[in-house]
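The values are calculated or read from the model by the stated rules, or taken from the named source; none is laboratory data. Keep in mind that what you see is a predicted model, and the values were worked out from it rather than measured. With ideal geometry, Cβ positions are generated from the backbone for all residues, glycine too; neighbour counts draw on all protein chains shown. Areas reflect the complete protein model, heavy atoms only, side chains present, ligands, DNA and RNA absent. Shrake-Rupley method; radii C 1.70, N 1.55, O 1.52, S 1.80 Å.
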Amino acid sequence: MKHKRTGDVRYSMVIDLDRCTGCGDCMVACAVENNVAVPPPAAQENRSLTWMKVYRVDNGGTFPDRQEVCVPIPCQHCDHAPCIEVCPVTAVEMDESTGIVGQVPERCMGCRYCMAACPYHARYFNWFDPVWPEGMEQTLNPDVSPRMRGVAEKCNFCHGRLDRARENAAAEGRRDLEPHEYVPACAEACPHGAIRFGDLNDPRSGIADLTRRPEAFRLLASLGTEPKVHYMSRHSWVRQLGESRLTVLRGKDKTRKGAGAHG
Amino acid sequence: MDVTRRSFIKFSAGFAAGTIVSPLPWKLLDDASIWSQNWPWIARTPHGPVTLAHTTCTLCAAGCGLRVRLVGPHPVSAWSEPGHPTSGGSVCPLGLGAAQVRYHPLRIRGPVCRDLRGGGATWRLTGRDEVLGAAGRKVAELRSAGALGRLAILDLRPGRALSAMHREFLDRVGGGRYLTLPDGRDLSASALDELVDTGGRVPGYDLAGAGAVVSFGTPLLDGWCGAGPDPELARRRRAGDAPFLVQIESNASTTALHADRWLHLRPGTETVQALALAHAARAAGMVPAAAIRALDAGPLPGYADLVRTWSPEAAAGITGIPAPELRAVARDLARHRPVVFVAGGDPGGGPLGQEEERAVWALNLLFGAVGRPGGVALRHRPDAPNGAPAAESMRDIPDGSLDLLLVDASAPGTVVPPGLLRSKLASDGSLMVGLSAFAGGAVSGADMILPVPAPGEWLDDVTDQALASQGSYAWTPPVADPLPWARHPADLLDGVAEAAGLATGGTRGKARHEAHLRDRIAALAAAGQGQVFEPKKGKARSARGLSARELGRLFREGACWVDGGGSRGGPPSLRKAPPAGRGPGFETAAGGRPTAADNEQAALPLILMIHGQQGLSGPAVVPPVLTKLCRESHLLPDPGRARLNPATARSHGLGHELPADLSTSHGRLRVTVVHDENVMPGVVRLAAGPDTDGLGEPGPTAADVLSAGGAGSNAVWRLGRAALQEVKA
């Protein structure tokens, strides 16, 4: 089943990998904004909750010829999202008016098919009750409900911010948002301006122009998921790695053999 | 109707088939999952009106502007202040987690002392009078014995109005020592003082106007300011106007990987590299011979000979940098003027070393960078009527020379090597009392802790840190009420004085502290220089014509004063001779900083390099959300992970992600070995933070790493030697 987007707004993100230094601002800002819980001490890394996760990716070289970039990976908000296809309880759905792929935790029954289906490993499961140190629940964002144990969750382009921006615009009698009125937390926090966000259909946001540049690419584009998160790098090895990692791992590109990612 | 066996089975089968295709079982499944997932202990979000407040972050010395979102009385998140002059509109992960610090698990709920029943490893609540009484008795005892030289107060963030309160306390007591703990940036700034007469001005890198930046291991893009990048460099990168960046560093750090050129020199050979760079620049005609002669005839005797000796070819044997590569760098620098050379060390790895700092400052002087736009600005610190008291370095006082040490850790973020403070105390009958909101960080080794408000709960002030690009001054308007048991640090100092039987003069400490803050504002208003950034308007205005009252109002709204950068008072003059008691300046490191004697190298075959980010290094209070970076991912290396080159690891029989024992001449540590191609062969890298042990995380702590690196006993600990032995299952 193909999901046809009908709205006139199509939110998208462009991440410039040459600017990203892996400072982690985006990961922390995301967790603070979206009440992403901290697993208990000594929990395994694969029990982590990171709606935005920065991976270090290298060209497979050895010291000192190794090159490395940091790749922030949120949910890719695919136009043809595999997670939507597989969810048996319709807990994942695309907002046709914005193109944002949302997760409804109240519907989720925790089967984790969506996690298996997502080729970007951008979905996370609540293995634990969301617990904060005593008193720290007072620092939770009231616009975002904490999720319960046993459900999957993921990036939703800070939908709480979108709701706030829409309410503010409505209070002023407007329906449309100005580009600066709605920016996800990661894009706001990035100190290097590596993460840019906007409406692909709004020329004022400049996002569409960026996606058409020759250094722009999408992760695993050959899968046909049509992600709305775009990446940019002037390094051809980064683009090759991002677009079709399978080719690299099969050794078709001998110069890039052994390249890989680690979080 | 007869009910037959057949009809019953048909009905049952039909009912079962019909139920499966009906919504009923799926709805039950769904509801069951919701019932089993929702429990009363799941956190509820706060409710109330949403407001914004503006303040300044004090979790490290960078002093970034924060825009705090409050729900009712609760600060729920902190964000960067757009346009803020000192942070360039960005804030590091530490600052983003600032709202959580108020509720940190290490926050103390009252005065605490060591619980000796548990061997002193844990804390127990005690009475404030008990702690004040113990400290007061010690003060009285030292006064009556005429031994006030054995009393000291350690100020971990000097230059604040509170620093003047420390001096007042010592004045009231009638003596005692005022101590600070200079970091690599402070020591770098003081090294310039040896070479030129700065006229009381302090240096700062003008990265806004630099054409090329040559960094000697400085983590400009990964932890130089807060846990984030240098704000000016980040701003220029955002604007697509980044200067040409040369990183001279052994390992492939983030800064090295993003630099236009990375010179991966052998560890500890920065001095030779700087001398060879001077040689190459002279050969390329970028540096006048007269400038080298002037340094040689003045503060650096023998400098001309050293520059002549260390040609790129001669240095290559020491540094490992091929001569053509160094000459290419010199040509690059000629194309990207003005050039500034940056040192100051790594916040976690500690100072670079005085000889290395001299060599780097000499390069700045040769290139005429000091006092020139796009180089090193020399400026006066914001006028402070009460002045910073004359300070001694904690490292310079003899071991065992103190009986009472008061540690003001009300502003966290300083790397305090474990064991350093305790080593200065006498072995018998001494007392260390911390003023802190947390039972961790700098006061981890204290005997007693008096609780003060956490960052964001009290009005403090923030001055620019050493080597910052511009002078700045701000207040930290509180965004939350202090918890009931916390007391203002100045009130606690009054309490100690009163317990010692000394009069306090009537006015409470907090009121006197606020009077000092107002005095500073009055001095700024009187000077009428610089600009004031108003966060509510998001723009700066001239400070000229602003009254002290108006300025005070703006500061209470989170304003920040800046001097606008640039040098004041013209270029400095070279000193005529080296300081008394110092030799030519390059005795030790000219052949490479020694990391161990030959006999030690056999037992400890690896070079240990410790590193870390500002605010996250050493024993520190880390917001829980930072586990996203160091436990839930490996974006930041945590203290328990020893990274070394895969080739080195294989040659030592060390497997990836396997436990190993790391030994140094200072101690032993259980680590996890991580193969990392970004580490130079022969080197093992350990991070001195972030410290998540306060969150209950098992494994080595930052204190363990610094101890193993000898940071408590050595002023320079960035290089050492170590051995790794895999732990067999």
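Summary table
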| quantity | calculated |
| --- | --- |
| Charge sum, other residues only, whose C-beta stays under 11 Å from B:Val339's C-beta, Lys/Arg counted +1 and Asp/Glu -1 | +2 |
| Sparse-neighbourhood loop sites, trypsin sites (Lys or Arg not before Pro) in region A:128-182 - DSSP loop, at most 13 other Cβ within 10 angstrom | A:Arg174, A:Arg175 |
| CD proxy at 222 nm, helix term only [per DSSP H run n ≥ 4: -39500 (n - 2.57); per residue of the protein assembly as shown; nearest 500] | -8000 deg cm²/dmol |
| Nearest-10 value in Å² for the accessible area of B:Trp475, using the 1.4 Å probe | 10 |
| Accessible surface, per residue, of region B:362-451 when the full set of protein chains is kept, probe 1.4 Å, Å² | 29 |
| Dipole magnitude (debye, nearest 20) for region B:218-324, charges at Cβ of Lys, Arg, Asp, Glu | 180 |
| Integer Hz, Karplus 6.51/-1.76/1.60 couplings in order for region A:36-52, x for Gly and Pro | 6, 6, 9, x, x, x, 6, 5, 5, 4, 6, 9, 6, 10, 9, 4, 10 |
| Cβ-derived FRET efficiency at R0 25 Å, A:Phe128 paired with A:Thr90, nearest 0.05 | 0.50 |
| Loop-located trypsin sites (Lys or Arg not before Pro) in region B:569-669, at most 15 other Cβ atoms within 10 Å (DSSP) | B:Lys576, B:Arg582 |
| Net dipole in debye of chain A [+1 Lys, Arg Cβ; -1 Asp, Glu Cβ; about Cα centre; nearest 20] | 1200 |
| Gaussian network model of chain A, springs between alpha carbon atoms under 10 Å - residue of A:Asn126, A:Asn141, A:Asn35 with greatest fluctuation | A:Asn141 |
| In nm, spacing of pseudo-spin labels at B:Ala426 and B:Glu550 (7 Å Cα→C-beta vector) | 5.7 |
| Reachable aspartates and glutamates from B:Lys628, criterion Cα separation under 14 angstrom, eight or more residues apart if same chain | A:Asp25, A:Glu33, A:Glu45, B:Asp638, B:Asp691, B:Glu697 |
| Chains A and B together, accessible area buried on both sides, 1.4 angstrom probe, square angstrom | 5600 |
| A:Asp65/B:Arg650 FRET efficiency (R0 22 Å; Cβ-Cβ; nearest 0.05) | 0.75 |
| Nearby aspartates and glutamates by direct alpha-carbon distance to B:Lys537 (threshold 20 angstrom, same-chain neighbours under 8 apart not counted) | A:Glu178, A:Glu181, A:Glu188, B:Glu81, B:Glu550, B:Glu557, B:Asp563 |
| About the Cα centre, charge dipole magnitude for the protein assembly as shown (Lys/Arg +1, Asp/Glu -1 at Cβ), debye | 1200 |
| Calculated FRET value between B:Lys539 and B:Leu28, using beta carbons and R₀ = 41 Å, to 0.05 | 0.10 |
